[in-house]
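The values are calculated or read from the model by the stated rules, or taken from the named source; none is laboratory data. For clarity, every value in this text was computed on a predicted model and none was experimentally measured. Neighbour counts are summed over all protein chains in view; Cβ atoms, including those assigned to glycine, are modelled from backbone coordinates with ideal geometry. In case anyone asks, the SASA skips ligands and DNA or RNA and just uses the protein heavy atoms, side chains included. Shrake-Rupley method; radii C 1.70, N 1.55, O 1.52, S 1.80 Å.
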Amino acid sequence: MTVEQFPIGVLISGRGSNLQAILDATERGEVAARVVAVISNREDAFGLERARCRGIPAVTFPRRDYATRQEQQAAMAAELQRRGVRLVVLAGFDQVVGTALLRSFPNAIINVHPSLLPAFGGGLHAQREALDHGVKVSGCTVHFVSQDVDAGPIILQAAVEVRDDDTEESLSNRILAREHRLLPRAVDLIARNRVRVEGRRVLIAPNQD
Ligand code: GRF
């Protein structure tokens, strides 16, 4: 298999702007991977439309169809495996990832979070928390997903200055613009087999090209 074919699956719950960033980057040839499946736990996730526009299979697994979240995520894992996915990318996926997905994709699930972890992890309002705390710098983090929420080994981070006149919206927008570059970059590094995990540290091999 060539690196250009490295198959990834993207899990979303809503807007899907990070999914769009990955799709655009792959189309420009900046990411050595292709999205083979987009999966959502919500039927109204706009990201599903973004996938379908590109002819990418977009499948929904509504919570009400399953007795437990574990069964729901086991069904997602089965779908991703059926499509030969090697890396699962959480891009605004709003569920805590349980053992069904973790065991199916060991060390092969990554997430993007809108803060410099470990600051402001674990919640859904990291940008608001950063403002409330008064930090001068925040940013975004791409990390491996482990059993502990927002606590897996960190792959890439980008810093974003917090301005005196920032609102939650303005700070979120500037962080999001950095996420859109950081997440495709992390996917590319993994697809090119340049990422190695040693304990808590993620080491990135130099580009051999
Ligand atoms: C992003 O801010 C991401 O960091 C967080 O959820 C948001 C998803 O946005 N995990 P989108 O759906 O990719 O537009």
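Summary table
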item	result
Ranked order, Leu203, Leu101, Leu176 - accessible area, probe 1.4 Å, largest first	Leu203, Leu176, Leu101
The range 22-28 - phi-based ³J(HN,Hα) in whole Hz, Karplus 6.51/-1.76/1.60, Gly and Pro as x	5, 4, 5, 5, 5, 5, 7
Placed amide H near Ile155: partners under 5 Å, 5+ positions off or other chain	Val142, His143, Phe144
Ala158/Arg63 FRET efficiency (R0 30 Å; Cβ-Cβ; nearest 0.05)	0.40
Cα gyration tensor shape of the range 3-204, rounded if a/c is under 1.5, else prolate or oblate by comparing a/b with b/c	rounded
Karplus 3J(HN,Hα) series, Hz, for the range 194-199 with 6.51 cos²θ - 1.76 cosθ + 1.60 (x for Gly, Pro)	9, 10, 10, 9, 10, x
Residue-wise HN-Hα coupling along the range 57-62, computed from phi with Karplus coefficients 6.51, -1.76, 1.60 (Hz; x: Gly, Pro)	x, 10, 10, 10, 10, x
With all protein chains modelled, accessible area of Phe120 [1.4 Å, Å²]	40
Peptide ranges 88-97, 150-159 listed from the most packed, as the mean C-beta count within 10 angstrom indicates	88-97, 150-159
Within the chain, helix-based [θ] at 222 nm, where runs of 4 or more DSSP H residues each add -39,500 (n - 2.57), nearest 500	-10500 deg cm²/dmol
Dipole axis of the chain (+1 Lys, Arg; -1 Asp, Glu on Cβ), positive-most option in Gly121, Ile110, Gln20	Ile110
Cut-off under 5 Å, modelled amide H: who pairs with Ile109 long-range	Val88, Val145
Contour excess over end-to-end distance, with Cα ends at Gln81 and Arg194 and 0.36 nm allotted per residue	38.4 nm
Coordinate range along principal axes, alpha carbons of the range 109-184, Å, largest first	36, 23, 16
Antiparallel content of DSSP bridges confined to the chain, in %, to 5	45
